[in-house]
Each structure stands twice: as structure tokens, then as C-alpha cells.
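Heads up: the structure comes next, in C-alpha cells.
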Amino acid sequence: MSHDQNPTAPRPASATSAQGDPAVVPRFAPVPAGRPRRRYAVVGTGHRAGMYVDAITGPHADVAELVAWCDTNPTRMAYYDAEVGRTLGLGGPAGLPMYGPDAVEAMVAEQHVDVVVVTTPDVTHAGLVARAQAAGADVVVEKPLTTTAAGARTIVDSVRATGRDVVMTFNYRYAPRNSTLREVIASGEIGDVTSVHFEWVLDTVHGADYFRRWHRQRENSGSLLVHKSSHHFDLVNWWLGDVPTRVYASAGLRFYGAANAAARGLGERPVRGTGVAGDPWSFDLTADPRLAALYLDAEHHDGYLRDRDVFAEPDGHAITIDDNMSLVVDYARGATMSYSLNAHSPWEGYTVAINGTRGRAELSVVERGVVVIDERGHVVLDPSATPETQAAKLAAEGIRPEGEHLIVQKHWEAATERPIPVGVGGHGGGDAILLMDVFRRDLRIGDDPLGRAAGYRDGLAAVAVGIAANESLRTGAAVRVADLGLGIELGAGPA
Ligand SMILES: NC(=O)c1ccc[n+]([C@@H]2O[C@H](COP(=O)([O-])OP(=O)(O)OC[C@H]3O[C@@H](n4cnc5c(N)ncnc54)[C@H](O)[C@@H]3O)[C@@H](O)[C@H]2O)c1
């Protein structure tokens, strides 16, 4: 089973395959005979952990071994333990030791953990990275690296004190379309970059999902400008080979939440989606056995509701993030970016235009052209899986088909479309290639010409924009990244 995507995210582009194009899929040497596997522990056994668990027990089992779980919720740890037992054909649960969040140090010591994979809510990343490193482990951490300037300093201090490794898993870099745009810019054919225009739209399924659980509170996720946009800001830093210096932001909560629902006359809303029929805003956990097992069956431990209504804000669960965000960002070498993120679009995808001194490159991606509703009034997450439905026909016949186009046009020349190589796996073909780099980096044949492998400095440069944007929203003024107190000068020194 593949667990790579957020369950509400659009499914991988149809162009992905099991093989992949040699232009974007690196080659790796065989594992030297007798070399011991590295010992991995997973901290945070929610949805995203599945991608790493699958990788360690599947394609990378020859270099990696799972040795422990750590989570606040025993049911979620038990879910994965049973799944690993099934995957490995053990005839029962794997029986890996389980630890609570206070016992990260004990786990690393007792289980001789080499690498801790951190897949917990964003606000906990910095502390867990530092604790795992202090205990003697390297770390693989999901984006965003951290949500605040204080978290950035914690990580910088920890890396300096321990010399331990931090691998940032920026999977979007590995999507072949994004890698190809990097090649175009790095080749110099559009000249020096002068400005970037970047618009990302999240649809009423995937975008809505950030308003259902911990992400909806700024203190947990750093807002979508950190949680989600750090992917996008990392892409820009990497495409341009540059770092952000100044950010001005304007944003608002204009669609989700109780006040907006009342203003649009949506009436009384349920607290949660499970059990609600005929409402496209409701997310019913019983429709997906995996989500039911991970969240519904686990909520008696911690009260974590995965399916909160996007318009209901009961006490203690107010929405404090925005759903419409616009930024102006300056970069060290002189380019400016205009960026916007919308979280309630009828379709999902992005458009990025890079203006240069010799021409322009434009990447347009439709990840889901339409959100369709089935005859029971439920959202269809994957229309291609139900070809007989009216919904699937609508998606197939629509005028906004899923796809990706990279157009390059030099001054005085006609526009040309660049072929985008075939990737493997989810996230536009990025996840599977990323995982090769995470687990087999030391076996890579040849260098990393696109510089896709990312470390903590890249993670900091990506969250710097969102952290500065949050400060700009608070103060109403443009914010210099150098004034944030990240504990490091961006762009100085190796990643
Ligand atoms: N790169 C991507 O495309 C991508 C996609 C999805 C999620 N993510 C990232 O992965 C992370 C996890 O997201 P998710 O959707 O799986 O969230 P989730 O809520 O489903 O899972 C988080 C897990 O962490 C546990 N947890 C909470 N606090 C903890 C603590 N202090 N110590 C140990 N465990 C703790 C929770 O009980 C839960 O099991 C987030 O940082 C998110 O940004 C990245």
C-alpha cells in the first residue's frame, strides 16, 4: 500500500511510472557486502510516517531497519506495528518497542538508534531534532523544519553542538517538472533572474484539510505560510540558487471559519464530518479504513479529531490561520517574487513564471482540475478510480485537464515547450526519488548535479520567508530576514 500523499491531496500525475527517467532518477551502487543496516526510529506515527515506514520495510530494507516507535498515542503506534508485521510476514505485530514523547533519549540509547525520523506536528520538530541529536542520533525531518525563529536557533545550536546530520525531506524538488525548471534556470538560457511570479491554489478538498485539525492553529503549524508555503519557498530558493532577504505580507481568513460561514448563511455546522451525509465539506473517516484506524479508533487517548468541520470553531479550536495570502519577497541577488496562496480554489495546482534578462520560463501544473461530488454528496478523492461515475466523466471531459507544461521563451524567439521526464511515485513523481536520496545517499553514483539533497540550512531558508511573513502580518511592515534572529546567516556556508 502506498502512503505517500496526504489522503486529500490530488493523486499523482498519470505520467508517473514505476521506472522513471534516468534524467531525474539517480543511480546508486549496490550495498557493500556485510555492511550493517542503519537503525531507524519513527517519532510521530500519523499519516506521513507511512511513507517512511513503507520505504524502510520495502525498497530500502537492505540499508535500513526499523527498531522503535515514539508517539503520544499508543493506538497509532500499534497500527503501524501491526502493519509492519504484515509487511514482513511475521504472522502478527512486529513487536517493536514503543516510547512516549518524554523518552526520546531513552529510545535512542536503548535501541541503538542511528537515525530518528521526525513526522510529528510542525511545532514539535525543533525540540525533537535537538533532543534526538543530543542523544546521539542523526535526524530525517519533515518540512517545515520549524515554525519560529526560536525553533531555528534551537536547531542551529544543536547542529553546532553535536555535529549531527539533519536531512530535510523537500520532496517537491524531486518532482521532475520542478527539477527541469531548475535545469532551465541553471543553464542560463533565460539569463539572470529578475523576478518571479508564483501562484499556488489548493482546492476545496486538500486546502480545506488544513482547517480540520492542528494546522488550523497558528501556534501548531506556523500558519500555511510556514506549513505549506515552505515547500514553495524552498523551490524558489533552490530554483534561483538564492536566499530571501525581505518579506512583506498581507493575508486574511476570508472563507473558512464560523464568521465567514455565518456571513454566507451556511447555517448550523456539525462539529465533525464523520457520520454527516450529503455535505461536500464533511470528511468522513469511516470512508477510509486506514484513516479510521489511525484517527477515529485512536481519539479516545488524546481527543485528536481528524475530521473537524472547516466552519465550526468550538472553544479551544478557533481557526487562527489565513486562507488567502499574498507576499512580496526580495532575494539577495536582486530578484523580487510576488507570491500568493489560496486554500479554497475549485481546482488545484500552480503557475510559476520566472523572468530573466534573456527571456522567461513558465511552469503551469494542474494537479486536480475539478473537485467532483458523487451521487451520495461525498467528495470523490480519485475520479480515475471510479471510471463509471458521472463524476469521473466530468473530470475527464473538463477544460482543465490534469497536466504540466514548461514553456521557455527567449527574447526574439518563439516559445518552446520543454519535455518533462517521467518520475516515480507520488507528489508529481517526487517522493520515491527523494526516498532514494534519503536512505542511499552515500551510495549515489555521481554527484547531485541539481543539488536536490537538502539539509538544515535549506530548511531554515525555506521557513525564513514564512516566519518573516508572519511577523509582517503582525506588524504591518516589511520584515528583513536578517532581523529575525534565526541564529545563522542564510546563504553563508555549505548546506
Ligand atoms: N512533505 C509532505 O508532502 C508532507 C505531507 C504530509 C505531512 N507532512 C509533514 O509531516 C508531519 C506530520 O504530518 P501528519 O499529517 O502525519 O500529522 P498527524 O497528525 O497525522 O501525525 C502526527 C503524529 O505525531 C504524534 N505526536 C504529536 N505530538 C508528538 C510528540 N511531541 N512526540 C511524538 N509524537 C507526537 C501524533 O500523535 C500523531 O500520531 C508534519 O510536519 C507535516 O508537515 C509532509
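The values are calculated or read from the model by the stated rules, or taken from the named source; none is laboratory data. Remember, it's a predicted structure, so these values are computed and weren't measured experimentally. Note: ideal-geometry Cβ built from the backbone for every residue, glycine included; neighbour counts use all protein chains shown.
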Name every residue in segment 111-137 that is among the β-branched types (Val, Ile, Thr) and either touching a strand residue (DSSP E or B) at 6+ places or on another chain (Cβ under 9 Å) or under 13 Å from Tyr99 (Cβ atoms) (or both), in order of residue number.
Val113, Val115, Val116, Val117, Val118, Thr119, Thr120, Thr124, Val129
What's the number of the only condition in (1) without any contact (Cβ under 8 Å) to a residue 60 or more places away in the chain; (2) more than 16 Å from the ligand (Cβ to nearest atom); (3) surrounded by 20 or more Cβ atoms within 10 Å (Cβ to Cβ) that Tyr80 fails to meet?
(2)
Which listed residue is on the phi < 0 side of the Ramachandran plot, within 24 Å of the chain's Cα centre (by Cα) and away from the ligand (no atom under 16 Å from the Cβ), from Ala41, Ala68, Ala64
Ala64
Please pick out the residue among Arg376, Arg418 that is of a type in the set (Lys, Arg) and modelled with pLDDT under 90.
Arg376
Among the helices (runs of 4 or more DSSP H) lying completely within segment 141-211, list those that include at least 2 residues that are within 13 Å of the ligand (Cβ to nearest atom).
206-209
Got a number for residues in segment 307-348 being among the charged types (D, E, K, R) and within 19 Å of the chain's Cα centre (by Cα)?
3
Quick check, is Asp102 at pLDDT 95 or above, surrounded by fewer than 18 Cβ atoms within 10 Å (Cβ to Cβ), within 12 Å of the ligand (Cβ to nearest atom) and under 28 Å from His300 (Cα atoms)?
yes
Is it the case, given these coordinates, that Asp284 is touching a residue at least 12 places away in the same chain (Cβ under 8 Å) and touching a strand residue (DSSP E or B) at 6+ places or on another chain (Cβ under 6 Å)?
no
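Being near the ligand (Cβ under 6 Å from one of its atoms), part of a helix (DSSP H, G or I) and either of a type in the set (Lys, Arg) or surrounded by fewer than 21 Cβ atoms within 10 Å (Cβ to Cβ) (or both) is the filter here; which residues of segment 115-131 pass it?
Restricting attention to segment 115-131, the residues satisfying the condition of being near the ligand (Cβ under 6 Å from one of its atoms) are 119-122, 124.
If we keep only those that are part of a helix (DSSP H, G or I) as well, we get 122, 124.
Matches in segment 115-131: Thr124 only.
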Are there any pairs with C-beta distances below 6 angstrom linking a residue in segment 222-235 that is in contact (Cβ under 8 Å) with a residue 40 or more places away in the chain and within 20 Å of Tyr174 (Cα to Cα) to a residue that is assigned to a helix (DSSP H, G or I) and of a type in the set (Ser, Thr, Tyr), with the two at least 6 apart or on different chains, and if so which?
His227/Ser221; His231/Tyr172; Leu235/Tyr172
With the structure loaded, tell me whether Gly275 is more than 30 Å from Asp71 (Cβ to Cβ), outside the structural domain of Leu381 (by TED's automatic domain parsing) and among the small types (Gly, Ala, Ser) or whether it fails that test.
no
Can you find a residue that is under 22 Å from the mean Cα position of the chain (by Cα), part of a helix (DSSP H, G or I) and farther than 24 Å from Asp448 by Cβ anywhere in segment 232-246?
no
Looking at (1) touching a strand residue (DSSP E or B) at 6+ places or on another chain (Cβ under 8 Å); (2) at pLDDT below 95, find the lone condition where Asn171 falls short.
(1)
Is there any pair with a first residue in segment 401-420 that is free of Cβ contacts under 8 Å to residues at least 24 places away in the same chain and on the phi < 0 side of the Ramachandran plot and a second that is among the hydrophobic types (A, V, I, L, M, F, W, C) and outside any strand (DSSP E or B) whose Cβ atoms are under 6 Å apart and which are 6 or more apart or on different chains, and what are they?
none
Tell me, which residue of segment 298-335 that is of a type in the set (Lys, Arg) and within 16 Å of the ligand (Cβ to nearest atom) is nearest to Arg272 (Cα to Cα)?
Arg308
Name the pairs whose Cβ atoms lie under 8 Å apart, with the first residue in segment 150-172 and in contact (Cβ under 8 Å) with a residue 40 or more places away in the chain and within 21 Å of Ile467 (Cα to Cα), the second more than 13 Å from the ligand (Cβ to nearest atom) and hydroxyl-bearing (Ser, Thr, Tyr), and 6 or more positions between them or separate chains?
Ile155/Tyr456; Val156/Tyr456; Val159/Tyr456; Val166/Tyr456; Met168/Tyr456
